[in-house]
Each structure stands twice: as structure tokens, then as C-alpha cells.
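The values are calculated or read from the model by the stated rules, or taken from the named source; none is laboratory data. Worth saying up front: this structure is predicted, and the values here are computed from it rather than measured. In case anyone asks, the SASA skips ligands and DNA or RNA and just uses the protein heavy atoms, side chains included. Shrake-Rupley method; radii C 1.70, N 1.55, O 1.52, S 1.80 Å.
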Amino acid sequence: MEERRVDPASRLESWADGVVADLDAQEDVDRALLHALGARPSLREETAARMADAVRAAALGLGPPGCAVAAGVSERLLTAWQEHDPTFAAAMAAAATMARARGPVPGATLNATALRVLLTAMRGGALHGPAAALVGMSGRAFYRLRRERPEVGALVAAARRARPKKADRRKRPKYEQHYRLVRIDDPDGAARVAQVPPEQAHSGPV
């Protein structure tokens, strides 16, 4: 039987589609682990996790817009968190200081976190230039990287294919669109379950 050959371009496209589809894999894993524990998502825990994502992004050299995308929240909300939570603000400042002290790796243009942020933004509808700006890269440098690294070009194409339909592009970002069932911890230690939009759910400090 004649063996069917796979076109390298098709293989690359398939690989890129798989990577983009897995951008939210960690959240899916976290939900599965909570389900295994018989628990519902906690607003306090989820907010803390998103804050940690923002701090990690800052430690890897991303600015506020990129950190917001990495955390899955709006830049306005990220700013509000820092204004209302001095501990989080101090962590973000320390992470940014650490990133500046360490400096970029010689010859590196992006790290994995920056590329994830860029692809997430493009999947959400961001154009080439604004997406590159999120990670501190010029549009021209981003075009050059795509030419030099076919894998990056394939990932960008996959992110564009994964965009919402044209009619949905004017809607709010993914993290602001849907209501979710979360456990809200009251100050007196009690817990209640509520259905809230994520942007409202993340509006206060943990």
C-alpha cells in the first residue's frame, strides 16, 4: 500500500491550530481539578491566580497592557487592582524592577509568555501593529520575525483563523462576555454561590 505523504505546510498549519487551541489549556485544567475536588471556582482564588499571572508577565518584561492580556482582564481593571491592593501593586513594581535588572536575553526577540500574549490578542481581533506593541515590539520587527520563523507565521495565521465571526468582533473581550458561577467568600467567613459577569467579579481586591 502506498504511503500517503503529508504536505509540510499542512503539518505546520495543523500544529499551529493545535497550539492556539491550547492557549486556554491551563484554565481548563484548573476547572477539571476543581471538579475532581467537588468544588466550585472561588472568586478570591481566581482573582489571586489572575494577579499572579500579571506579576509573572511583569517579571518577564511585559508592560501593563501585556500584563493585562496575560491575566485575562482589562488594563483598566489591572490598574484598579493596584490602586486598591497595595500588596499587589508592590508585587507588580518589584517584578518590573527585576525584569529591568535582568535585562533581555541577548539575541532574543520574544519569550514564550510574550508570544502567548501576542497570539491571544490577535485571536481576540487585535491588528498586527497593536498586538506587537503589547509586547514592546514594533510592527516592522514583528513582520521580520514572522518571515524568519515560519512557525511564528503559522501561529499568527492560526490565531487569525480562531477569531470570532466578523459580527462578533465588536463585542467585549472573552473574559467580559459570559456569566460564570463562582463561590464568593463573604467577610464573615460564609460562602455563597452567585452568577456574575467576570468583569464585575474581578472588580474588587481579594
**OP:** Name the shape class, rounded, prolate or oblate, that the alpha-carbon gyration tensor gives for region 72-132, where a ≥ b ≥ c are the square roots of its eigenvalues, rounded holds for a/c under 1.5, and otherwise prolate holds if a/b is larger than b/c and oblate otherwise.
**Re:** oblate
Original post:
By the gyration tensor of its Cα atoms, with a ≥ b ≥ c the square roots of the eigenvalues, what is the shape of region 1-150: rounded for a/c under 1.5, prolate for a/b over b/c, or oblate?
Top reply: oblate
Original post:
How do Thr87, Thr120, Thr47, Thr97 rank by accessible surface area computed with a 1.4 Å probe, from largest to smallest?
Top reply: Thr87, Thr97, Thr120, Thr47
Original post:
On full extension of the chain, what length is gained from Gln26 through Asp7, given 0.36 nm per residue of separation minus the C-alpha to C-alpha distance?
Top reply: 3.8 nm
Subject >> Accessible heavy-atom area order of Ser74, Ser138, highest first, probe of 1.4 Å >> reply: Ser138, Ser74
**OP:** Starting from the Cα gyration tensor of region 52-102, take the square roots of the eigenvalues, sort them a ≥ b ≥ c, and report rounded, prolate or oblate (rounded when a/c is under 1.5, otherwise prolate if a/b is larger than b/c, else oblate).
**Re:** oblate
Subject >> Stretchable slack from His35 to Ser138, in nm (0.36 nm times residue separation minus alpha-carbon distance) >> reply: 32.9 nm
Subject >> Between region 108-149 and region 52-78, the Cα center-to-center distance that results, in Å >> reply: 15 Å
Subject >> Karplus 3J(HN,Hα) series, Hz, for region 113-122 with 6.51 cos²θ - 1.76 cosθ + 1.60 (x for Gly, Pro) >> reply: 5, 5, 5, 4, 4, 4, 5, 4, 5, 5
